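The values are calculated or read from the model by the stated rules, or taken from the named source; none is laboratory data. Being a predicted model, the structure only gives us computed values, none of them experimental. Because the Cβ atoms are built from the backbone with ideal geometry, glycine has one as well, and the counts that use them run over all protein chains shown. The accessibility values were calculated without ligands, DNA or RNA, using every heavy atom of the protein model including side chains. Shrake-Rupley method; radii C 1.70, N 1.55, O 1.52, S 1.80 Å.
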Amino acid sequence: MGNSFLDHRTPAIQKLERRLFLRQSLSLGALALLSGCELTDQESVQKVLTGMSGWNDGAQAWLFDPKRLAPEFPESAITTPFPFNAYYGEDEVRKIDGQGYKLELAGLVREKKPWTLPALYALPQVSQVTRHICVEGWSAIGKWGGVRFSDFLARIGADTTAKYVGFKCGDDYHTSVDMATALHPQTQLTLRFADQILLPKYGFPMKLRMPTKLGYKNPKHIMAITVSNTNPGGYWEDQGYNWFGGS
Ligand SMILES: Nc1nc2c(c(=O)[nH]1)N[C@H]1C(S)=C(S)[C@@H](COP(=O)(O)O)O[C@H]1N2
Ligand SMILES: [Mo]
């Protein structure tokens, strides 16, 4: 009986099944058939999921077109108020001190001199009105302004043949992206939201905005950037969210 496991699903497995269905339009039954495994405990489900997710990263990286642009919108389409989200509540938003702020650079980068905010504000600025998509089931259109990230990487002499760019945040969050996405023309080192200096809740003093990636890949409160050939993972990614996280 291939489907006998359906009769003894634990609440944890039911939760995983719901997540599978929402995120990948796949039922646990279909996953069991695909994997040829009896998915009766959370560990075996998680193993198959992690395996799929790794495969998915490769497929997404291969499918990613470094020149294809995410849709941009007129300013009239901007969502107000723009939602706040983090792994904690809005009352716990970190207030980073802008005066003493210095962006740290590490790894495969020639110029490791830390950057102050005035120095970043003085760089050529671009803006975009794009849609942010969160896996929790909401999306919203916002306007972000800042420095084109590929320009910044060129300026600091980053080794753009390296595989990963990692981000450490002021709230202990971290994430990382593939170099192709880091170099994408819409990937932005963001200093402004809706033409204002970023509010603390939106990631002051700086975030990375990528309309080609899901919300959790867009780090707020960036304190340090590392270029490397070892995958730095991420806060949600290490808990099973797909690492590539394309939107
Ligand atoms: N530093 C940090 N960055 C983060 C998060 C976080 O908890 N901490 N949450 C991520 C998630 S899941 C989402 S949806 C967006 C929310 O960004 P917003 O508050 O500007 O809407 O931030 C992302 N970046
Ligand atoms: Mo999110």
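Between K143 and residues 5 or more places away or on another chain, which pairs have amide H atoms under 5 Å apart, with H built 1.01 Å from N, and which residues are they?
A194
Provide the gained length on full extension for the span D97 to Q125, in nm with one decimal, where the gain is 0.36 nm per separating residue minus the Cα-Cα distance.
Using 0.36 nm per residue and subtracting the Cα-Cα distance, I get 7.9 nm.
Give me the lysines in straight-line cross-link reach of K207: C-alpha distance below 26 Å, same-chain residues under 8 apart excluded.
K67, K95, K102, K112, K113, K143, K163, K168, K217, K220
If you average the sequence gap of Cα pairs under 8 Å that are 6 or more apart and divide by the length of the range 75-239, what percent do you get for the contact order?
With pairs under 8 Å counted, the relative contact order is 27 percent.
Once Lys and Arg get +1 and Asp and Glu get -1 on their Cβ, which of Q99, N231, Q125 lies farthest toward the positive end of the dipole of the chain?
Result: Q125.
Using per-residue counts of other Cβ atoms within 10 Å, averaged over each peptide, order 55-68, 212-225, 101-114 from highest down.
The densest-packed peptide leads the list: 212-225, 101-114, 55-68.
Nearest 0.05, what FRET efficiency do D151 and A12 give at R0 = 41 Å with Cβ-Cβ as r?
The calculated FRET efficiency here is 0.35.
Which angle between 0 and 90 degrees, to the nearest 10, do you get for helix 11-24 versus the longest principal axis of the chain when only C-alpha atoms count?
60 degrees
What fraction of the Cα pairs in the chain, stated in percent, has a spacing above 28 angstrom?
37 percent
So what is the accessible area of the chain per residue, in Å², with the probe set to 1.4 Å?
Per-residue value: 51 Å².
Over all alpha-carbon pairs of the range 145-235, lay out the pair-distance distribution in 5 Å bins, whole %, shortest bin first.
Pair shares across the bins are 3, 15, 27, 28, 19, 6, 2, 0.
Out of N56, F149, T80, whose Cα points farthest toward the positive end of the dipole of the range 49-180 (charges: +1 Lys, Arg; -1 Asp, Glu; placed on Cβ)?
F149
Counting Lys and Arg as +1 and Asp and Glu as -1, each charge on the Cβ, what is the dipole of the chain about the Cα centre in debye, to the nearest 20?
660 debye
Against the longest principal axis of the chain, how steep is helix 42-63, in degrees 0 to 90 to the nearest 10, with axes from Cα atoms?
For helix 42-63, the angle is close to 50 degrees.
Tell me, what % of the accessible area of the range 75-239 is carbon and sulfur with a 1.4 angstrom probe?
Reported share for carbon and sulfur atoms: 52 percent.
Could you work out Rg/(2.2 N^0.38 Å) for the range 34-87, with Rg from alpha carbons only?
So the range 34-87 has a normalised radius of gyration of 1.88.
Given R₀ = 25 Å, FRET efficiency for T50-V135 by Cβ-Cβ distance, to 0.05?
According to the calculation, E is roughly 0.90.
Taking the Cα of L199, stepping 7 Å toward and past its beta carbon, and measuring to each backbone N in the range 129-143: which are under 14 Å?
142-143
Under the Karplus relation 6.51 cos²θ - 1.76 cosθ + 1.60, θ = phi - 60°, what is the ordered set of whole-Hz ³J(HN,Hα) values for the range 116-130, x standing for Gly and Pro?
7, 5, x, 5, 6, 5, 7, 6, x, 10, 10, 9, 8, 10, 9
Quick one: in the range 56-167, what % of C-alpha pairs are over 22 Å apart?
In whole percent, the long-distance tail amounts to 55.
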